[in-house]
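Worksheet: the structure to be examined is printed underneath.
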Amino acid sequence: MLTDRYVHPEMGSLWSEESKFDAWREVEVVACEVMAEEGIVPAEAAREIRAKASYTIERIDEIEREVKHDVLAFTQALAESVGEAGRWIHFGLTSYDVVDTALGMRMRDAMDLILKDVAALSSVLKSRAFDHKKTVTVGRTHGVHAEPMTFGMKLALWYAEMERNRARLERAREVVAVGKLSGAVGTFAHLPPVIEEKLCKRLGLTPAPIATQVLQRDRHAEALSALAIVASTLDKIAVEIRSLQRTEIREVEEFFSEKQKGSSAMPHKRNPVISEQISGLARVIRGNLQAGLENIALWNERDISHSSAERMILPQSFILTDHILRRAASVLDNLIVYPEKMRENLESMKGLVFSGQVLLQLAKKGLPREEAYRLVQKNAMAVWQKKGTLRELLGNDPEVRKWLDEAELDRAFDLERQMEHVDTIYRRVFG
């Protein structure tokens, strides 16, 4: 079961039992209306079905306990509400004509909500990226100081990735916004293709070019994959925030409200709990993708092994992705940033972050690269042993001074030089 604490009303409503049955009802009713236009169903019966067709979940459950088939229980309950004309409900259809077409409607609408969330998060990322375009920080590789960068570049990187996620989600929306009314093995044995074409057009779907009894599950797996990649992007952002909030680093911090408590035992605690929740739920979403991939391989023209898994993984993945997108937008919008601490951490390694530029300066002057590397590394290792700053040690090294004068050394340690292409990067990302 999915705890209510992660369910937001709009997305939760889409995956409710009422929403499912409402979608099933609409497929059944529109199918009757289209068949009436084609002279298969009496026009008066179609009008009566549109006006009267209704259900109660209690009645569906009551019938299902007896017939052990949820779609049959639904169509029987629907037919009962209509009366004599109810005999035309589900005429010529198989269960998954209804189930999969209705699922296409719901997944399409759920994707629209996810895309709305992505747009909101991207807006926050863009705004904060420009806020911190010039906020200098240290870049880290393997968790170790590498070279200077700006905090805004991290945010711009995440924005660019979310734009790729947006494109993946839009593609996935197109892939799942599909319906089928081609019958038990996809041959249109009982209804002509025009019925499917008209029905899908009215429901805002694309007819599947070919299907078996079901729409093929690569479509659903693609949607789950797009959601899982979004979740992984959010996990990456959350991991970075968690890392940078560590006490020893403390360059950023999740907003901590006045009455919030971080620990039952330690009153001083301010923990990145939302980021940790994002990371945890991302694991669930990624796990659901595996089940979605397994659902692609069905026996012959259809078995039911996918159905039970989909009842769990589809609602859960959409609901949780919706939740963590909202949470990520809130965290980033309210993220506390400490530029002074970033500068302090950058400077804590006594200039080591400029070693690469010194290496290039020496090579540019004609020193073989391996020899230049040896000279810089020798002095860098002395900095690690707390024997001074890299600039001081290089300035006092006669081998280095043969190749670089004071001005050239100073140029190698110029922070502005390291940042001179940030504007170009921003133009590439934001246009």
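The values are calculated or read from the model by the stated rules, or taken from the named source; none is laboratory data. Predicted model, so just to flag it, every value in this text is computed and none were measured. Counting neighbours? That spans all protein chains shown, and the Cβs are built from the backbone with ideal geometry, glycine included.
Just one residue in the set Arg242, Arg246 is closer than 27 Å to Ala156 by Cα, assigned by TED's automatic domain parsing to the domain that holds Pro315 and in a loop (DSSP other than H, G, I, E, B); that residue is Arg246. Residues that are under 36 Å from the mean Cα position of the chain (by Cα) and either closer than 30 Å to Ile249 by Cβ or of a type outside the set (D, E, K, R) (or both): does segment 79-92 have at least one? Scanning segment 79-92, I find no residue that is under 36 Å from the mean Cα position of the chain (by Cα) and either closer than 30 Å to Ile249 by Cβ or of a type outside the set (D, E, K, R) (or both), so the answer is no. Looking only at segment 165-213, residues that are touching a Leu at 6+ places or on another chain (Cβ under 7 Å), buried (at least 23 other Cβ atoms within 10 Å of the Cβ) and part of a loop (DSSP other than H, G, I, E, B) come to 2 in all.
Pick from Ser275, Ser279, Ser307: which is small (Gly, Ala, Ser), closer than 30 Å to Glu33 by Cβ and either in contact (Cβ under 8 Å) with a residue 40 or more places away in the chain or in the same structural domain as Asn165 (by TED's automatic domain parsing) (or both)?
Just a single option satisfies the conditions, and that option is Ser307.
Residue check: is Glu254 buried (at least 16 other Cβ atoms within 10 Å of the Cβ) and either at pLDDT 95 or above or aliphatic (A, V, I, L, M) (or both)? No; evaluated as a whole, the condition is false for this residue. Among the residues making up segment 2-30, those that are over 25 Å from Leu181 (Cβ atoms) and not hydrophobic (A, V, I, L, M, F, W, C) are Thr3, Asp4, Arg5, Tyr6, His8, Pro9, Glu10, Gly12, Ser13. Does at least one position in segment 25-32 carry a residue that is among the hydrophobic types (A, V, I, L, M, F, W, C), under 29 Å from Gln316 (Cα atoms) and touching a Ser or Thr at 6+ places or on another chain (Cβ under 8 Å)? Checked segment 25-32: at least one residue is among the hydrophobic types (A, V, I, L, M, F, W, C), under 29 Å from Gln316 (Cα atoms) and touching a Ser or Thr at 6+ places or on another chain (Cβ under 8 Å). The residues of segment 90-112 that are charged (D, E, K, R) and farther than 13 Å from Arg219 by Cβ, listed by number, are Asp97, Arg106, Asp109, Asp112. Would you check if there is a residue in segment 97-117 being more than 29 Å from Leu244 (Cα to Cα) and out of contact with any helix residue (DSSP H, G or I) (no Cβ under 8 Å at 6 or more places or on another chain)? There is at least one residue in segment 97-117 that is more than 29 Å from Leu244 (Cα to Cα) and out of contact with any helix residue (DSSP H, G or I) (no Cβ under 8 Å at 6 or more places or on another chain). For segment 139-164, the candidate set comprises residues that are in a strand (DSSP E or B) and of a type in the set (A, V, I, L, M); within that set, the residue that is nearest to Leu113 (Cα to Cα) is Met149.
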